[in-house]
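**Q** Right, I'll just put the structure down here and ask away after.
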2 protein chains.
Amino acid sequence: MTTRLSDVAARAGVSVKTVSNVINDYPHITSQTRAKVEAAIAALDYRPNVSARSLRKGRSDFIALAIPEMASPYFAELGAAISRAAKKRGITVLIDQTEGESAAEKLVLDGMRGQLIDGIIFSPITTAPTKIDSAGTAKPLLLLGERPAAGTFDHVAVDSVKASFDATTHLISIGRRRIAAIGVGGGAGTGAVRRKGYRKALKAAGLPHDPALELAGTGYHRPDGAASMRELLALPEPPDAVFCFNDLLALGALRTLADAGLSVPDDVAVVGFDDIEDGRFHSPSLTTISPDKEWLAENAVDLLLERISGNAEAARRDLSVPYTLEIRESTAG
Amino acid sequence: MTTRLSDVAARAGVSVKTVSNVINDYPHITSQTRAKVEAAIAALDYRPNVSARSLRKGRSDFIALAIPEMASPYFAELGAAISRAAKKRGITVLIDQTEGESAAEKLVLDGMRGQLIDGIIFSPITTAPTKIDSAGTAKPLLLLGERPAAGTFDHVAVDSVKASFDATTHLISIGRRRIAAIGVGGGAGTGAVRRKGYRKALKAAGLPHDPALELAGTGYHRPDGAASMRELLALPEPPDAVFCFNDLLALGALRTLADAGLSVPDDVAVVGFDDIEDGRFHSPSLTTISPDKEWLAENAVDLLLERISGNAEAARRDLSVPYTLEIRESTAG
DNA sequence: CTGAAAGCGCTTACAG
DNA sequence: CTGAAAGCGCTTACAG
């Protein structure tokens, strides 16, 4: 059979309590006792049973990360950063792909998977903010991405309005006047918030706002960006710049521009959002909003862990992720 | 407090055994009893405690997927596919990033994390095959990626020698004669196996084998591919084609070629390996070996689950993943 | 089918 | 510091 704590205790000639104390790094243990126990653990190749521990403690040191899809580069990079941050703190991350399904998102809001996980970091996509805020989740929940300013849960995100304002203003500063937006959407999601920043920048510069230049599309992947760009090129008066609401859309748009034989940035300048590795190596390389993903990961995990260990009462917190505008070839010849 | 099984039993007016039977879908339950129990579960919003169940059953329905890095597109796509395949079978996947550290890989070979997971799908990178085969892992282990034909563990992978032969032969068939290889390595890893197929194809076509055209590089990311391509272009007699041992290397190489003002495929044709989404949308789009990732995921999960439920004695199995050569712009003008 | 009970392997008051 | 015991919430023989 598997070795248990009591086997270790027997071999070391101490009580189970003492072994438990050593494993959990409790104080008041003489170094000789500790050495004896550690020798026994090594000799028996003992490892504690996680299920038993979490059943007893009511805490598993597992958290869930619920994201739309892990194969999408931004979420893959984010997941990697969050896993790394959690591991540093002795926590394991379970990644849950919701695939944009509302049933899967509902499960997340429920609290997920019985009692195994201690808390959840959730990047919602289909569920409406009001529904999220009224959820009676069983576990501490931290939200990522665009949210209304007020809400019930802790929240970590880039200030998308400001970042989108910056991105658009950059296009204006290099002399563009017909600036399109790809990825526009309704509600309070990414597509709405980033459009707000885009429109604000046009207004601040005294540029007219042309609804024909705002493209909705069905998703946030390369094919969507490519299709939207084709629509824009078919316009009687095509744009001289495009702000894409994420890098994947921008990479799709660049593909369409290359196919059309247009030069970037001379004919059309392109800006993205996310700073995925892909865009840095693309030819031309992609100008983009670069959120500090390490910062995001560290702070999201810390905030959730604080919430897990007790102060459920503490006031809701809303952190703004630092970002920079990375100017690359797609806007700077 | 949290609702327990016994609360459900009390409310439904049945024994805990019956509730357990309903939850675990055991036979011999009348539909009325089932309905009563399900009503009680719904009314109390009961969900079973995973820790308690796995402590008792000695099985958690969790498996681990240990990969070098989840932010790398190939592994991100693979992880997504494996998560999906596992979810279909009621299994949750824990993703473990080894980051190419041998300590992390050793932990995987140990059996990982106490008793929580039931088995492991492992894509090793630093640990030597002989060391892997001699590992006394505590849990069923399934290996992904290049392995010597013989071994102790179940194995699922593309026949890399054959696929590399096909990729190289394709370059020969479009008239290339100085074909370089990027990503070459020693031992029994990817870099060695794919070189084998590459050399075999040259030999079969009666082409000379020039060691100067075999580039090793330090890793399998875009910057490595870009650097290797720069080396190749600096050669007195640069190549007219490159077979890159993964798509990321190929995308880096394409970037260098674009910077050098060379035309692809006219001046240099490029083939990759993996078929990540990135390469499909790149301009030019990337010709590549496309392994069937869904097939890989489904079969890896099934094989591991079979091993977990009992037949530990069954003969070791070695599955070959179907693949196709996707011919795109980088080799077809 | 049911009911009462043991036990999975821990942690944690409790009495010393 | 130690030792004996209870209990976390399940599942599963066991006797009916």
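The values are calculated or read from the model by the stated rules, or taken from the named source; none is laboratory data. Keep in mind the model is a prediction, meaning the values are calculated, not measured. Because the Cβ atoms are built from the backbone with ideal geometry, glycine has one as well, and the counts that use them run over all protein chains shown. Quick note on the areas: whole protein, heavy atoms, side chains included, nothing else; ligands and nucleic acids left out. Shrake-Rupley method; radii C 1.70, N 1.55, O 1.52, S 1.80 Å.
**Q** On the first, second and third principal axes, largest extent first, how far apart are the outermost C-alpha atoms of chain A in Å?
**A** Ordered largest first, chain A gives principal extents of 86, 40, 31 Å.
**Q** With every protein chain in place, what's the accessible area of residue B:87 (1.4 Å probe, Å², nearest 10)?
**A** Around 110 Å² of this residue is reachable by solvent.
**Q** Tell me the label-point distance for the pair residue B:131, residue A:292, using the 7 Å Cα-to-Cβ offset, in nm and rounded to one decimal.
**A** 3.6
**Q** For residue A:330, what accessible surface area do you get with a 1.4 Å probe? Give it in Å², rounded to 10.
**A** Probe radius 1.4 Å; accessible area of residue A:330 about 0 Å².
**Q** How far apart, in nm, are the 7 Å Cα→Cβ label points at residue A:188 and residue B:107?
**A** Result for the modelled spin labels: 3.8 nm.
**Q** Which distances in nm, rounded to one decimal and ordered from shortest, link the label point of residue B:200 to the equivalent label points in the other identical copies, with labels set 7 Å from Cα toward Cβ?
**A** Its label point is 6.0 nm from the equivalent points in the other copies.
**Q** Per residue, how much accessible surface does the protein assembly as shown expose to a 1.4 Å probe? Answer in Å², no decimals.
**A** Spelled out: the 1.4 Å probe surface of the protein assembly as shown, per residue, equals 42 Å².
**Q** Positive end of the charge dipole of the protein assembly as shown (Lys, Arg +1 and Asp, Glu -1 on Cβ, about the Cα centre): tell me which of A:50, B:193, A:263 has its Cα farthest that way.
**A** A:50
**Q** Is the shape of the range A:160-291 best called rounded, prolate or oblate, per the rule: a/c under 1.5 gives rounded, else a/b larger than b/c gives prolate, else oblate, with a ≥ b ≥ c the square roots of the Cα gyration tensor eigenvalues?
**A** Since a/c stays below 1.5, the shape of the range A:160-291 is classed as rounded.
**Q** Apply the Karplus parameterisation 6.51 cos²θ - 1.76 cosθ + 1.60, with θ equal to phi minus 60°, to every residue of the range B:237-245 and state each ³J(HN,Hα) to the nearest whole Hz, in sequence, with x for glycine and proline.
**A** 10, x, x, 9, 7, 9, 9, 9, 6
**Q** Count the net charge of all other residues whose Cβ sits under 14 Å from the Cβ of residue A:38, scoring Lys and Arg as +1 and Asp and Glu as -1.
**A** So the environment of residue A:38 carries a net charge of +2.
**Q** For residue A:214, enumerate residues with amide H under 5 Å from its amide H, sequence gap 5+ or separate chain, H modeled in the peptide plane.
**A** Close amide H contacts, sequence-distant or interchain: A:181.
**Q** Starting from the alpha-carbon convex hull of the protein assembly as shown, give the projected area averaged over all orientations, in nm². Intermediate results must be reported in sequence, preceding the final value.
**A** Values: hull surface 136.4 nm².
Convex hull of Cα atoms, orientation-averaged projection: 34.1 nm².
**Q** List the lysines whose Cα sits under 19 Å from the Cα of residue A:17, skipping any in the same chain fewer than 8 residues away.
**A** Residue A:17 reaches A:36, A:57.
**Q** Computed over the Cα atoms of the range B:84-192, what is the ratio Rg over Rh, Rh following Kirkwood?
**A** 1.07
**Q** Work out the length of the dipole vector of the range B:160-291 about its Cα centre, built from +1 on the beta-carbon of each Lys and Arg and -1 on the beta-carbon of each Asp and Glu, and round it to the nearest 20 debye.
**A** 520
**Q** A follow-up question, please. Could you go through the range A:213-228 in sequence order and give the Karplus-derived ³J(HN,Hα) for each residue, using 6.51 cos²θ - 1.76 cosθ + 1.60 with θ = phi - 60°, rounded to whole Hz, and x for Gly and Pro?
**A** Running phi through 6.51 cos²θ - 1.76 cosθ + 1.60 with θ = phi - 60° gives 8, 9, 9, 7, x, 9, x, 10, 10, 3, x, 5, x, 5, 5, 4 Hz.
**Q** Could you pull the copy-to-copy label distances for residue A:59, with points set 7 Å along Cα to Cβ, in nm to one decimal and sorted shortest first?
**A** So the distances to the same position in the other copies read 3.2 nm.
**Q** Which one of A:66, A:167, A:314 has the biggest mean-square fluctuation once chain A is modelled by GNM with Cα springs under 10 Å?
**A** Top of the fluctuation ranking is A:314.
**Q** With all pairs of different alpha carbon atoms counted, what Kirkwood hydrodynamic radius in Å does the range B:1-128 show?
**A** 17.1
**Q** Given q = 0.17, 0.23 Å⁻¹, what are the Debye log10 I(q)/I(0) values for the range A:135-229, with equal point scatterers placed on the Cα positions and solvent ignored?
**A** The computed values of log10 I(q)/I(0) come out as -0.80, -1.19.
**Q** Let me ask you something else. For the full complex of protein chains and a 1.4 angstrom probe, list B:230, A:178, A:194, A:199 by accessible area with the highest value first.
**A** Values: B:230 140, A:178 50, A:194 20, A:199 95 Å².
If we order B:230, A:178, A:194, A:199 from most to least accessible, we get B:230, A:199, A:178, A:194.
**Q** Evaluate the range B:183-237: find the radius of gyration of its Cα atoms, find its Kirkwood radius, and give the ratio Rg to Rh.
**A** Ratio value, two decimals: 0.99.
**Q** For label points placed 7 Å from Cα toward Cβ, what is the shortest-first list of nm distances from residue B:126 to its copies?
**A** In nanometres, ordered from closest: 4.1.
**Q** Continuing with the same structure: Using 0.36 nm times the number of residues separating residue A:43 and residue A:262, minus their current alpha carbon distance, what extension gain do you get?
**A** 72.0 nm
**Q** Moving on. Filter the cross-link list A:87/B:106; B:162/B:196; B:88/B:139 down to pairs whose alpha-carbon distance in this structure exceeds 19 Å. All intermediate terms of the calculation are to be shown ahead of the outcome.
**A** On the way: A:87/B:106 16 Å; B:162/B:196 9 Å; B:88/B:139 22 Å.
Cα-Cα > 19 Å for B:88/B:139; rest within.
**Q** For A:44-54, what's the mean count of beta carbons from other chains sitting within 10 Å of each residue's beta carbon?
**A** Neighbouring Cβ atoms belonging to other protein chains average 6 per residue here.
**Q** Another question, then. Taking the Cα centre of the range B:9-51 as origin and charging only Cβ (+1 Lys, Arg; -1 Asp, Glu), how large is the dipole, in debye to the nearest 20?
**A** It comes to approximately 100 debye.
**Q** Nearest 100 Å² is fine: how much accessible area is buried between B and A, summed over both sides, with a 1.4 Å probe? It would help to have the intermediate numbers written out before the result.
**A** Values: alone 16170 and 16170 Å², together 28090 Å².
Approximately 4200 Å² gets buried when B meets A.
**Q** Further question: Calculate for chain B the 222 nm mean residue ellipticity that helices alone would give, adding -39,500 (n - 2.57) per DSSP H run of length 4 or more and normalising by residue count, nearest 500 deg cm²/dmol.
**A** Calculated at 222 nm, the ellipticity per residue is -13000 deg cm²/dmol.
**Q** Across peptide B:68-80, what mean number of C-beta atoms from other chains lies inside 10 Å of a residue's C-beta?
**A** Average neighbour count from other chains, rounded to a whole number: 6.
**Q** Rg and Dmax of the range B:5-48 over Cα atoms: what are they, in angstrom?
**A** 8.9, 25
**Q** Continuing with this model, one more query. Run the dipole for the protein assembly as shown about the Cα centre, Lys and Arg Cβ at +1, Asp and Glu Cβ at -1, nothing else charged, and hand back the magnitude in debye, nearest 20.
**A** 2500
**Q** Just name one of A:98, B:218, A:221: the one whose Cα is farthest towards the positive end of the charge dipole of the protein assembly as shown (beta-carbon charges, Lys/Arg +1, Asp/Glu -1).
**A** A:98
**Q** Moving to a separate point now. Against the empirical 2.2 N^0.38 Å scaling, what ratio does the C-alpha Rg of the range B:238-333 come to?
**A** Working it through for the range B:238-333, the quotient is 1.45.
**Q** Using only Cα atoms, find the angle between the long axis of helix A:293-308 and the longest principal axis of chain A, and express it within 0 to 90 degrees, rounded to the nearest 10.
**A** Here the helix axis deviates by roughly 40 degrees.
**Q** Next up: Would you mind giving the mean number of other chain beta-carbons within 10 Å of the Cβ of each residue in B:280-292, as a whole number? Don't skip to the end; give the middle numbers.
**A** Numbers: counts 3, 13, 9, 9, 2, 1, 0, 0, 0, 0, 0, 0, 0.
Counting Cβ atoms of other protein chains within 10 Å of each residue's Cβ and averaging gives 3.
**Q** Suppose the chain between residue B:87 and residue B:325 were pulled fully straight at 0.36 nm per residue; how much longer would it get relative to their current alpha carbon spacing?
**A** This chain segment gains 82.7 nm when fully extended.
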